[in-house]
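K.L.:
First the structure, then my questions, so here it is.
The values are calculated or read from the model by the stated rules, or taken from the named source; none is laboratory data. Everything numeric in this text was worked out from a predicted model, so none of it was measured. We place every Cβ from the backbone using ideal geometry, glycine too, and count neighbours over all the protein chains shown. The area values use the complete protein model at the heavy-atom level, side chains included, leaving out ligands, DNA and RNA. Shrake-Rupley method; radii C 1.70, N 1.55, O 1.52, S 1.80 Å.
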Amino acid sequence: MGNGRPSPEQGLSSKEASARLRKLGPPPETSSRSTASIVAGNVFTLFNAIIGAFFVLDLALGLYADSIFGLIAVVNSYIGIRQELKAKATLDELAVLVAPRAEVMRDGAAVELIASEVVPGDVVQVGPGDQLVADGEAIASRGMTMDESLLTGESDGIKKGEGDRVLSGSFCVSGSGHYVVDAVREESYAGRIAGEARAFRHPPSPLQEEVNRVILASTYVMLPLAALLILSLKLRSVGLESAAQTATAGLVTLIPEGLVLLMSVTFAVAAVRLAKRATLVQQMSATESLAAVDTICVDKTGTLTAGELRLAGVEYADGVDPEAGARALSRFAASAGDRNKTLEAIAEKFPGQPARVSGEVPFSSEYKWSGVSFDGGSGGAIYVLGAPDVLAESGALTLPSRLAAKLEEETAAGRRVVAFGQASEALPGDPAANGAPKLSPLALVVLEETLRPDAAETIATMREEQVDLKLISGDAAATVTAVAFAVGVPREAGVIEGPDLPEDEEGLKKAALENTIFCRIKPEQKKALVGALVGAGRYVAMIGDGVNDVPALKRARMAVSMGSGTQVTKGVADVVLLEDQFSRLPEAVGEGRRIARNIHRLGRLYMTKTVYAATLILLVAVPGFVFPFLPRHLTVAAFLTIGIPSFVLALMPSDGPLYRGRLLRALAAFAVPAGVATAIGSILSFFLVDTVAGASLAAGRTAATTTLIVLGLCFILLLERGPGREHIAIQSNMLAMVAALGAAFAGILAIAPLRDFFDMVLLSAPEWFLSLLAAAAGLILASALWKLPQIERLEVPEERVEAERH
């Protein structure tokens, strides 16, 4: 090799590589994208800042007992962050399994290294699907074609010859070669534009977007109410200490600070639970995004089938000597630089030694054939291997009737068949534009794949979960449909081939929605189909394992890779199925839906608190009612009706509905009646005890707190109920939790030091009666409000409302 460059066969010595690695030093610590990014979000930071401000205000005024709620917020934050760090440690251990690796020549032998172990001067082997981990210069190429779309946005493959630059972050789509590394880590191209290479992925999950809307709505409500309350207190000349108490108690209750924290914790717990099932979540929010999936696009190979090819037989053309045909297949498989499963299956059946190659066209999913030309010393022949129907359609191949019948028979049985022929013309320089040369058929090679044993059961589970399946494959229609029907896809399912797909946007969208099986699909068509489904409002999960799946994976809302997939597919995936078990995906979807139901249930709880606080502030600010609580009263009420229940509910199974795209409306359907009823019941209790019964101010406040806690615990039991869900039974563990919390409040009232600390008193029998009477009135009011047509319509999907209207 000239120019002082190393030989592709030798590479660096281990001693020299170790010295260079020591010189580079330890790799910079990178934060896993798997860590919970929710807690670090601006909204959560804003909420903690507001809590902290009131905490400091209370301390400045000497109201130490009233600052308990601030301490609880700190403790809650610690618990959440601790849980996420534990989840991060688990996920980082699994992430090592899918980290980018490189095949590096050391001491004349190929060794597999992780990216941080590659040093300048290393010679790296590159094959289809390999993602480059460092920059360098190509020193050998056999049709090596690189996709740099992750770096530049341009999806067209770029052929690299000797002396051309190759960049980290790009990946090989076809061909093979070697390059010598000259820049690693932060010095590489991808390192210098860190983060940009994957900026196209990982949008907020649907639940994140909806919860953000809920939080923004709460914030918009809080700001004018804060101004109104402060103005009201100023006009009534309330003292500074009393005003601080009222403002702290009223405004902090408006903030659903625990919702964001618990959503983060729930994501982390679910990610660890999925990790134990060999499912790596590379984006924490992906655990919930799975809940929104209503369409799954899969390839046949590696998903419905095991992905391993076995050569089932070879049918030679008339006049072809089987021994000569076998030698030609052997030489072709051994000499081709582009290694794929088809060539490996042929090489296993017909082992041989590589010959000198004078020209090569690597296989591409775009034109579905590959070719090798040998120089004169190796026989001077030109061979082509490819899809028989594609070669026939281009005019390059005409099969004799016997081979054509064999092709039809084998494809109908679900087997893959490729044609092997000899060309009399040179291989084209641009195979995508010029097509294959004219061929004389030599043989049909029949390849067999094994169906995954769990494929049929998995597809049945998907139908039960109302998840639509789209089978998108580059294989022939007969092969794909045979496999699809074998795993339970209905025989009446729509089938369409790539050449028949409409090119206009609306036509493609219609074809994507109406059909289930898509055959002879090119990578760009696969991407277009996924895009059409996304454009039609579907939440699409795309499962891929090969380099040809990358464009579609990037276009899908949820990218899923098989653990045995290429480096680049695992790099862009949100979820990696480490053990290649297709059945894990429906399990993950079920886990995501469990998360979403839990978060929706928590949303009802926290939204009720916000509505209750807003109503209470309005009743105090406008009519001028006395605020019935001290901050410490709201602390104990929030602890018993929000704090403890929310952590328990976050991990308990939920039978509630999924509110896709209408979370704010649906939460309001429950929370507005419950929150308004709680506020009015609390004010009524205070009025009845303090004014009507003529008891002390402390007794009135204790009665109001009692009513608040009783109503809060009752509404916890009703969180699952709603229009059409009156039949849902209250879970026994929910009853046990509420009973325990009620007993805890009774204990606080019974134990004198606790009762004094929270500034409450023992109620007399008439005062207990009035307090519980106010709670009963609140429940009746909430029940009446829930039955209002305007409230019921909030929870019903808009399309159902429109249907009932017509």
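K.L.:
Taking amide H atoms as placed 1.01 Å from N in the peptide plane, list the residues 5 or more away in sequence, or in a different chain, whose amide H sits under 5 Å from that of residue 308.
P.N.:
Hits under the 5 Å cutoff: 450.
K.L.:
Could you compute the net charge surrounding residue 461? Neighbours are other residues with a C-beta less than 14 Å from the C-beta of residue 461; K and R count +1, D and E count -1.
P.N.:
So the environment of residue 461 carries a net charge of -3.
K.L.:
Same structure, new question: Students often get this wrong, so check it: of 509/570; 527/570; 300/522; 341/526; 341/509; 522/570, which have C-alpha atoms separated by over 23 Å?
P.N.:
509/570; 341/509
K.L.:
Round to a whole number: what % of the accessible area of the stretch 270-427 belongs to carbon and sulfur, probe 1.4 Å?
P.N.:
Accessible surface attributable to carbon and sulfur in the stretch 270-427 totals 48 percent.
K.L.:
Roughly to the nearest percent, how much of the accessible area of the stretch 456-515 is carbon and sulfur, given a 1.4 Å probe?
P.N.:
45 percent
K.L.:
State, to one decimal in nm, how far the label point of residue 746 lies from the label point of residue 318, with both points 7 Å from Cα in the Cβ direction.
P.N.:
Roughly 9.6 nm, to one decimal.
K.L.:
Once fully extended, how much extra length lies between residue 769 and residue 278, figured as 0.36 nm per residue of separation less the alpha-carbon to alpha-carbon distance?
P.N.:
Extra length available between residue 769 and residue 278 comes to 171.1 nm.
K.L.:
Residue by residue through the stretch 625-634, what is 3J(HN,Hα) from phi via Karplus (6.51 cos²θ - 1.76 cosθ + 1.60, θ = phi - 60°)? Round to whole Hz and write x for glycine and proline.
P.N.:
4, 6, 5, x, 10, 9, x, 5, 5, 5
K.L.:
Keeping all protein chains in place, calculate the accessible area per residue for the stretch 312-448 (probe 1.4 angstrom), answer in Å².
P.N.:
44 Å²
K.L.:
Highest first, please rank the peptides 328-338, 765-775, 263-273 by the mean number of other Cβ atoms sitting within 10 Å of their residues.
P.N.:
The most tightly packed comes first, giving 263-273, 328-338, 765-775.
K.L.:
When the chain is fully extended, how far beyond the present Cα-Cα distance does residue 402 get from residue 430, taking 0.36 nm per residue of separation?
P.N.:
Taking 0.36 nm per residue and subtracting the Cα distance, the gain is 6.9 nm.
K.L.:
For every other residue with a beta carbon closer than 11 angstrom to the beta carbon of residue 385, add +1 if it is Lys or Arg and -1 if Asp or Glu, then tell me the sum.
P.N.:
Net charge around residue 385: 0.
K.L.:
Residue by residue through the stretch 672-683, which ³J(HN,Hα) values in whole Hz follow from phi under the Karplus form 6.51 cos²θ - 1.76 cosθ + 1.60 (θ = phi - 60°), with glycine and proline marked x?
P.N.:
5, x, 5, x, 5, 5, 5, 5, 5, x, 5, 4
K.L.:
Then there's this: What ³J(HN,Hα) values, in whole Hz, does the Karplus curve 6.51 cos²θ - 1.76 cosθ + 1.60 give for the stretch 753-761 when θ = phi - 60°, with x put for Gly and Pro?
P.N.:
Values per residue, Gly and Pro as x: x, 5, 4, 5, 4, 8, 6, 10, 10 Hz.
K.L.:
Please give the net charge around residue 411, taking every other residue with its beta carbon less than 11 angstrom from that of residue 411, where Lys and Arg add +1 and Asp and Glu add -1.
P.N.:
-2
K.L.:
For the stretch 390-432 and the stretch 506-570, what is the centre-to-centre distance using only Cα atoms, to the nearest Å?
P.N.:
27 Å
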